[in-house]
1. Of the residues that sit in the stretch 210-242 and are open to solvent by 60 Å² or more (accessible area, probe 1.4 Å) and not in a loop (DSSP other than H, G, I, E, B), which one is farthest from A117 (Cα to Cα)?
2. Can you name the condition, by its number, that S191 falls short on among (1) small (G, A, S); (2) farther than 20 Å from W156 by Cβ; (3) in contact (Cβ under 8 Å) with a residue 24 or more places away in the chain?
3. May I ask you to verify whether G120 is over 14 Å from the mean Cα position of the chain (by Cα), of a type outside the set (V, I, T) and at pLDDT 95 or above?
4. Output the residues belonging to the stretch 43-58 that are under 14 Å from the mean Cα position of the chain (by Cα) and closer than 15 Å to T6 by Cβ.
5. Hey, does the stretch 54-72 have a residue that's over 28 Å from L260 (Cα atoms), of a type in the set (K, R) and open to solvent by 10 Å² or more (accessible area, probe 1.4 Å)?
6. I'm checking my understanding of the structure. Among residues of the stretch 243-272 that are among the β-branched types (V, I, T) and over 24 Å from D158 (Cα atoms), which one is least open to solvent (accessible area, probe 1.4 Å)?
7. Which of the residues spanning the stretch 1-50 are open to solvent by 30 Å² or more (accessible area, probe 1.4 Å) and farther than 26 Å from T64 by Cβ?
8. Is one or more of the residues making up the stretch 162-174 farther than 26 Å from R112 by Cβ and among the basic types (K, R)?
Amino acid sequence: MPTITTPDGVELYYTEHGTGQPVVFSHGWPLNGDAWALELKVFADAGFRAIAHDRRGHGRSSSTTTGNDIDTYARDVAALIEALDLRDVIVVGHSTGGGEVVRYAAQYAAGRVAKVATIGAVPPVMVAKESNPDGVPIEVFDGIRDNVLSDRSQFWKDLSESFFGANHGRPVSQGAKDDFWRMGMQADLVSAYDCVKAFSETDFTEDLKALDVPIFIAHGDDDQIVPLANAAEKAIKLVKQGTLKIYEGAPHGVHGDWQLQWHKDLLAWIAG
């Protein structure tokens, strides 16, 4: 298996296809690099070197009780990009991965990043607190943690319904929901549990302000996992070179008709 080893000894698995300008994809929770399977082909076919890794504790990467936080995730992206000696990189992140690539590009890129793209991403911050009073109550995330501990297999099945918007009538195959469950079950329990704090409580405000490259921020207006008003609509106001694209009726999961439209929009933005 293709892997790199991080400075703290964690093996990160990655997949790549194609040649050309590198595009590095960071996945959402509790998934792994397989969530980007279609994008790897689409972008490779479009002339890019498309790469997706499994976050530590997810998929085929090492399980670990340490480093399950956004700052370490971002340093892991740096380790991957440096190990492969990638330059002029486009980093793309979904959900938790959106926070991961924003933190990486703002603090650890060292001039290697050309552009950033996020989709359904968690920045600037999800949880409600004094500085973010309209955020998601901490009790919601406590409930997620309880479900991960008590019966994560059933929780992944239940979560797939709102993830893909099936509970709002969007056409989603059983196969897609089963694949979400499969990837969830490949995540180490400790890492999946700790990642809830990472994606919900990390504040990316200063990272967004610090970005010195263009960013394409995509979000569905029927995202039940990361609400649009608490994420993309706030993030676009913090960046210097931002483009916001809102997809009507689109859920959190990158799937179906809006996934195909997003591919076209992202490729056009990269070329612009």
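1. This residue is A229.
2. Exception for S191: condition (2).
3. No.
4. H53, D54, R55, R56, H58
5. Scanning the stretch 54-72, I find no residue that is over 28 Å from L260 (Cα atoms), of a type in the set (K, R) and open to solvent by 10 Å² or more (accessible area, probe 1.4 Å), so the answer is no.
6. Top of the filtered list is I270.
7. H17, G18, T19, G20, Q21, L38, K41, V42, D45, A46, G47, R49, listed by residue number.
8. Among the residues of the stretch 162-174, at least one is farther than 26 Å from R112 by Cβ and among the basic types (K, R), which makes the answer yes.
The values are calculated or read from the model by the stated rules, or taken from the named source; none is laboratory data. The structure displayed is predicted, hence computed values, not measured ones. Positions of Cβ are backbone-derived with ideal geometry, glycine not excepted, and every protein chain shown enters the neighbour counts. Remember, those area values only see protein heavy atoms, side chains included, never the ligands or the DNA or RNA. Shrake-Rupley method; radii C 1.70, N 1.55, O 1.52, S 1.80 Å.
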